[in-house]
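The structure appears below as structure tokens.
Since every read-out is calculated from the coordinates, none of them should be taken as a lab result. Computed from a prediction, not measured in an experiment: that's the story for all the values here. Here the Cβ is made from the backbone with ideal geometry for all residues, glycine too, and neighbour counts use every protein chain on show.
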């Protein structure tokens with residue numbers, strides 16, 4: 001997982017959890033997990049698209065307004081930080 005804004009990219013974070021492909025639980029756990037991500041994203045004012053193998057959290061903003069850009073980056077970072085806590089274990093914030 002990483003954040004991309006214009007030509008800048010954040011540090012990549014490894015996501016060590018998953019469900020085996022073809023598992024009966026896959027569909028149920030996907031729904032449960034994506035509901036939580038959706039709630040967190042909306043709390044931070046982000047738009048969300050879910051795909052089979054990808055989730056996009058995004059927000060439209062004016063890239064020439066540097067104050068707004070800094071605020072948006074902080075907002076996205078806070079959202080991703082909250083998503084990292086979904087499994088109930090505290091992970092180091094980066």
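Considering helices alone, the calculated mean residue ellipticity of the chain at 222 nm is -13500 deg cm²/dmol, with DSSP H runs of length four and up weighted by -39500 (n - 2.57) and normalised per residue. Estimate the FRET efficiency between residue 58 and residue 20 by the formula 1/(1 + (r/R0)^6), using the beta-carbon distance for r and 22 Å for R0, to the nearest 0.05. Computed FRET efficiency for residue 58 and residue 20 comes out at 0.15. Tell me the angle of helix 66-83 to the major Cα principal axis of the chain, expressed in degrees between 0 and 90 and rounded to the nearest ten. Compared with the principal axis, the helix lies near 20 degrees. Spin-label model, residue 77/residue 43: points 7 Å from Cα along the beta carbon direction are separated by 1.9 nm. Compared with the dominant Cα axis of the chain, that is its longest principal axis, helix 25-43 is turned about 20°. From most to least packed by mean Cβ count within 10 Å, the peptides 46-57, 73-84 give 73-84, 46-57. Full extension of the chain between residue 34 and residue 66 yields a length gain of 8.4 nm, computed as 0.36 nm times the residue separation minus the alpha carbon distance. With contacts taken as Cα pairs under 8 Å at a separation of at least 6 residues, the chain carries a relative contact order of 18 percent.
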